[in-house]
Each structure stands twice: as C-alpha cells, then as structure tokens.
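Inspection log for the structure reproduced underneath, given as structure tokens.
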2 protein chains.
Amino acid sequence: MKRIYMDHAATTPVDKEVVDAMLPYFTNFYGNASSLHSFGEEAHYALDESRHNVADVLNAEREEIIFTGGGTESDNIAIKGVAFENKDKRNTKGPHIITSAIEHPAVLEPCKHLEKQGFKVKYVSVDKYGMVKIDELEQSISKDTFLISIMYANNEIGTIEPIEEIGRIASENNIVFHTDAVQAVGKLPIDINKLNVDLLSLSAHKIYGPKGVGALFIKKDVRIVPLVHGGGHERGLRSSTENIPGIVGFGKACELAQKRMVKDTQCIKSLRDRLVREALGIEESYLNGHPEKRLVNNAHFYFAAIEGESLILRLSDKGIAASTGSACSSKKLQPSHVLLAIGLKPEHAHGSLRLSLGRENTIEDIIYVADVLPEVVKYLRKMSPLWKG
Amino acid sequence: MKRIYMDHAATTPVDKEVVDAMLPYFTNFYGNASSLHSFGEEAHYALDESRHNVADVLNAEREEIIFTGGGTESDNIAIKGVAFENKDKRNTKGPHIITSAIEHPAVLEPCKHLEKQGFKVKYVSVDKYGMVKIDELEQSISKDTFLISIMYANNEIGTIEPIEEIGRIASENNIVFHTDAVQAVGKLPIDINKLNVDLLSLSAHKIYGPKGVGALFIKKDVRIVPLVHGGGHERGLRSSTENIPGIVGFGKACELAQKRMVKDTQCIKSLRDRLVREALGIEESYLNGHPEKRLVNNAHFYFAAIEGESLILRLSDKGIAASTGSACSSKKLQPSHVLLAIGLKPEHAHGSLRLSLGRENTIEDIIYVADVLPEVVKYLRKMSPLWKG
C-alpha cells in the first residue's frame, strides 16, 4: 500500500545525506572527543565543525551552542537552569516566570515542577489564532519576573509568535528570554542578532536529522545552573560523552536546512495551501491557527462531529500518517490544551487533525489525501451520533 | 600507518551488526514512538523489543528499564532522583548519602552538587587495590542514610567492587542502593535478582553500541523524581522523543554482548594478561588496580619518571590509542582522584597509562604494543629529569 507521511511536526525521516555524514563516525572515527589520541582528535574536530553548522543556522557564535539529548532537555536546561541560577544567586529578582498557555509540555511541565518548589508562573493566554496576548504579557511583568519563555511557533496549530516584540519587552525589563524554536528552526529564517533572545532550543529530528540530539543557544553572559553534572562536557553545562555521530548528523541537517530553506518552504507552502483548500471543501471543516502567520508546513483542522483518534486510525489504514496534535499527548485522553486555549470547546478539540508536510511530500500525495480525507470524514460522520445527517 | 585502538573504556567502535540494525530506523521506520499511525507503531514496537534486550542483559524485567541519553544522565537521574524524592517526601531518613572516593565524575559531581543543597555525603575510602572499605562503609551508615552509590567496576583501574555484599548491607539497613555499572555491563555476567541493587546505570557506547544512549534499571517500587519534565515518556521519568535508532542499536549491542560474553572475555583476558606481562617487563613499571578482581579488558600501569600525557601523545604518534585514565578528565591538569585514592603520590599518578582492550584487538596488536611501549618509555625517560639514568 502507498504510505504517505504527513506528520513532520512529530518527527521527520533522516535525510540520506545526513545518514551518509553520520556513518563513518560509528565505525571509523569512533573516538571519544575528550581523548588525547588521534581517534579523540578526529571526534573533537567533528564536534567543532558541527557546532559551527548549528550556530550558523541561527547566525550565532559557535561558543553560544551546547549540544543536548533533544528539544525537551534543551527546554528543561534553559528554564530550570535560569530558575536555579536566579534562586541560588538571590538576585534582585523574585521567583516569577512568564510563559504562555500553549507551550509544549517540555516547557509547561518544568514550569509546573517549579511551581511546586515555590516559583510563581503566569500562563499568558492567546487569541483565537493562538497569538500570545502581548498586553497581558506586559501587564504580567513585575519586579519579580526573571524569565519569559514563549515558543517561536506552535507545534500543534503552527502559529508563529511575535518573538522579536516579546524579546524587546523582555530586554527593556531586564528579563531573561527563552524561546522553544524546535518547530521554527529550518522553516523560518532566524537571525539571533536581530532578536533579543537569550536562550533558544533546537532539535535535530524535526529537521531531517537524527533523534536523540538537540542544542541550546545560550547568549554570552547568560548564566545557568546545569541539570546534569559529571565530566564537565559542553562547558560544564551538559556532562556526557558527546554523541558524535548524532551531532555530526545534526550539523549536516542544519547545513541542508539552510541551503534548502527558500526552495523547500516555497514548495511546501504551495502544497500545504492546496491541501487546506481541498480540506476546507469538506462540509463543516475549519482551519485552526493563524491564517497567515503560521508555519508553511502546518495544516490543522477541526471537523464537526468527528472523533480525532478514529480519524487518525482510519487515515493510517489508508496509508496516511497524520496526528490530532502533538505526538507526545496522542495517547492521552485529555483534549489538547492548545485547542482549549484558542477557545475550542472540549468536544470540538477532540475532532482535530494535524497534517504537517515535509520535503519528500509531492503533489500526488496531496491529491491522494484530498481524495481520501472527505471519504473518511463522511464515513465517520455516518457513524457519529453528533452528526446532523 | 597501523592504528591500534586500546581505549575501549573511553568508548568502543559501533559493531557492524549494531549499525545494520539501526540503519532502517533512520530512513524507513522513522516514526515517533508516541504517534498513533503505522509509522508510530513500528517505532513503538522497536522500542519495546529493545527494552527487552537491555533488560535481558541484567535478567531484569522490561518494565524496570528506562532509556536515557547516556551513562552520566542515568547516574544523575538515579542520585538526584532518589535525593529529591527523599527530600520531598520527608521520609524517616535524613539527608545522608554514602558513595566512594573513586566514583566516576558522573556520580561524584551530582553528589557535590547535592552537598551545596544541604545534603551530607560520605566518600568512603578504598584500599591500595581500589576496593571499597566495607568496614568504613558500614560504620558510615546512620539513620539519615537514604542512598548508597558504589560503582560496579572502576573505569580507570578496572577494580571490581563487592556489589553483592554492599547490596546486602544496604538492604539490611533499608537504604536505596545505586550502582554505576557502565564499565561492568557486557564484561561481567550480571543477574539483578541475585543482587540487592535498586538502581543500575548502563551506557550503550561502552559495549559497541552508539553514543548518546544509556539506560537506568529501576527496581519496581523504587520511586524517583524525574530530572527532565515534558511529554511523559519513559513512564514520566525521562521525557523526550525516544531515540529509536539509538535505542535499537543499544538493544542489539546488549544482545551481542550476551551472546559473545564468554568467548570475548576469555579471548580478551588472555590478550590482556600477555600485555600486562610484557609491560611489567619494563623497568620500574607497576600494575594499578586489583591483580585478580579486575575487568578482563583493563590494564593500568604506573611508569616511574614518566609524564602520562607525553606517553599518550607519543603512543598516538606510533598509532596506539591509549589514555592516562578516564577520557573525561584527560584534558585536565589535576592528577586522577582514583590514583590518589589508592595511595599513589601526585607525581606518580601523573605517570599512568590505561590500555583497555576490545573485541577487535588481536595478538598482533599486543605484540606491536609490547614492541613500541618499552621504546617510548625509554625515550621519555631519557628526557626526564626524574629518571635516575
């Protein structure tokens, strides 16, 4: 059966060029980057080069990048790292953090954990498109606020947040600003020098790189307490024998992302737009997220009287890989916190579908989905007690 | 030039079979294990199978294994996880931890970090062979002791600790027992059911698996606070999109380790014994670590009047990859804490050489090293102001 992968926001296939770049580091150049001998030197050189490639995608300095085990770890290092630094140093700042109601669990859960430890967290609300309410954010700032963490682009509905503006506000108030850019990197041009961002999380497996590798941009002079202690790798901020093949793959993925971004995004956007037009042709279907300020590869719908999980499974039977929202919460029963935050009723939030496109999708894929989706929706509605017909 | 790798305690090449097992998961079965569609199912199945393989190497249950980003992270999760659980729950236990003076930094540094937060840590000393002093350990136990962390085998000198005995003591005193078994797994048969071990750290890249993957055995009913919060992966104890290719590689490496352990250890031990005999033929050379209770692949020497770093670099020039001690500390200037703990003077600790053998080493490698090493030692001594001649 034909298989069409449209869940690139969950994870991507690893690019063939990325695999080729990684392979020699498994079996030939397999040294520990901390070793003094020639095997170690090779590994250390590769580590350096890859750090350069990752920094380049943000127009950052090599010294501002540390490698981690993934986006979730990067978010945790950033948020808890700044929180504990602030707590330990007893700055003039109190224990107040500002984030948004639609962050990824990798940001929300560390915040909830910090709340249990006496930190106070404000979850700023969003409008019906998922845009963070800037007024509310500004009004939430107090002399106690030491950290703002707002995602670059939302993983479920694709809405792109006003990071430049939030960075300006954070900077004016002398507040550290972190952004989870896991979904944005490789899809949007990011110039860290034009943004007042202090910390930025990246992940390799969202940009055709390997799973198990992430990075954190840490602006010079921003201090954090490490989460993991040990041999002192990554400037003491993330001890662990460096995952050289994974890091080399991440570097190559960043290089490819930069080289291909303009062409890829044009192509993917035109496919996505066609897909949205086709899907909105279905009766009582609605697009979630911002109509323009959204990731080029994201299409997120609500279909009345449909149960999202049944839709995903039925589409999977037809060879189409899609999701209701984030993969992380796909096996949980609660409706998406993102969809509730943009004002959907719980029963509507359950009827959602995310199709996230990637490099390898073709117009034939779109035509196939446009063909199958209305049938599947019709089939499920026939069985739905909520459907009018 | 011939290149001989004898630094397997730092890291190993990835076995060809392991790479072959991983490859399909980069480009074909690349789904997110949390996704509901068929790509997700494939990933989830692989995750399950690999967990089984890793559990098997310890004779543990699948449900007792969580995957991590490496041995250092496993140690940190275990130690901090139990510490914060104990602190939060305010058990009958106070804030006392017992560990040894010769642990890896992945254990020592978390302990030092906890000391800054009010925990009290006892670093039990070792004898001249690096064996933990059991009497001292027992005498250190108080009603406040909630955790003992002692490594299974030392990463520098290869000494194997009396884990069964320490486990019995911990159990009798109702204390959680963690062991860093990163160096022991795959080299020693480990049956978790015969040991009173509550937590055990593993790493893939020490057993011909990929870097960037580790695991933690957590006995049923042992509770820990997670270090990283997010999507709730690995029973909520290590949130992060699972590194499926890496985990598959780890599973395969465990399978191979089990299958080959008897044959590999016999072969490696005989090569190592020959190497030790040859090296001890050099004037004023000494073996560090226990003469019998040591890892079969470990040979660790002290050569009088030699600077270890020069020795490593000179050997590297001759194509031999070796180390002074752990890779983690190989670029630091301090003498090894392990060598100081077994009673070497700082100037002697600087003259150390670790040769750690692996599967691919041959008798020709040993003959070559036995040929080159005396020459290099002689050459360096000629230039040494400390050498008598």
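Here, each number is a calculation from the coordinates, and none is a lab measurement. Only a predicted model underlies this, so the values are computations on that prediction, with no experimental measurement involved. As a convention, Cβ positions derive from the backbone with ideal geometry for all residues, glycine included, and neighbour counts pool all protein chains shown.
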Over its Cα atoms, what ratio of radius of gyration to 2.2 N^0.38 Å does the range A:20-114 give? 1.45
Rounded to whole Å, give me the distance from the Cα center of the range B:1-46 to that of the range A:234-252. 16 Å
Can I get the semi-axes of the range A:61-200's equivalent ellipsoid? Compute them from the C-alpha gyration tensor as square roots of 5 times the eigenvalues, in angstrom, largest first. 21, 18, 15
For the range B:210-348, what is the convex hull volume of its Cα atoms per residue in Å³? 197 Å³
Scoring only Lys, Arg, Asp and Glu (+1, +1, -1, -1) among other residues with Cβ under 14 Å from the Cβ of residue B:30 yields -1
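What ranking do A:1, A:151 get, fewest neighbouring Cβ atoms within 10 angstrom at the top?
Arranged by neighbour count, lowest to highest, A:1, A:151 become A:1, A:151.
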Expressed as a whole-number percentage, the relative contact order of chain A with C-alpha contacts under 8 angstrom and at least six residues apart is 23 percent
What is the sum of charges, Lys and Arg at +1 and Asp and Glu at -1, for the other residues whose Cβ falls under 12 Å from the Cβ of residue A:283? +2
By the Kirkwood definition, with r running over pairs of different Cα atoms, the range A:16-256 has a hydrodynamic radius in Å of 18.2 Å
Return the aspartates and glutamates within reach of residue B:120: Cα separation strictly under 19 angstrom, same-chain partners fewer than 8 residues apart disregarded; answer none if there are no such residues. A:88, B:75, B:85, B:88, B:103, B:109, B:136, B:138, B:144
Distances from residue A:220 to the same position in the other copies: list them in nm, one decimal, shortest first, using label points 7 Å from Cα along Cα→Cβ. 5.6
Span-like helices, chain A: DSSP H, alpha-carbon axial extent 18 Å or more, mean Kyte-Doolittle 0.0 or greater, which ones? A:363-383
Which Cβ of chain A lies nearest the axis of the rotation superposing A onto B, and at what whole-Å distance? A:69, 2
Just counting partner chain Cβ atoms within 10 Å, what average do the residues of peptide A:11-19 show around their Cβ? 4
How far is residue A:382 from the same spot in each other copy, in nm, shortest first, if each label point sits 7 Å from Cα toward Cβ? 9.1
Rounded to the nearest 500, the 222 nm mean residue ellipticity computed for chain A from DSSP H runs (n ≥ 4, each -39500 (n - 2.57)) alone is -13000 deg cm²/dmol
Spatially proximal lysines relative to residue A:388 (Cα-Cα < 23 Å; intrachain offsets below 8 disregarded): A:345, A:378
Please give every one of the lysines within straight-line cross-link reach of residue B:263, meaning a C-alpha to C-alpha distance under 29 Å, and leave out same-chain neighbours fewer than 8 residues apart. B:2, B:16, B:187, B:194, B:206, B:211, B:252, B:293
Among all stretches of chain A without exposed trypsin sites (Lys or Arg not before Pro) (DSSP loop, at most 15 other Cβ atoms within 10 Å), which one is longest? A:4-89
Taking every alpha carbon pair in the protein assembly as shown, what does the distance histogram look like in 20 angstrom bins from 0, in percent? 17, 47, 29, 6, 0, 0
What is the average number of partner chain Cβ atoms found within 10 Å of a Cβ in A:67-79? 5
Counted charge near residue B:114, where neighbours are those whose Cβ lies closer than 11 Å (Asp, Glu -1; Lys, Arg +1): +3
Where a ≥ b ≥ c are root eigenvalues of the Cα gyration tensor, a/c under 1.5 meaning rounded, otherwise prolate if a/b exceeds b/c and oblate otherwise, the range B:275-389 counts as rounded
For residue B:164 and residue B:274, extending 7 Å from Cα along the Cα-Cβ vector and measuring point to point gives, in nm, a value of 3.2 nm
With a 10 Å Cβ neighbour count serving as the proxy for reagent exposure, in which order, fewest first, do B:221, B:7, B:48 appear? B:221, B:48, B:7
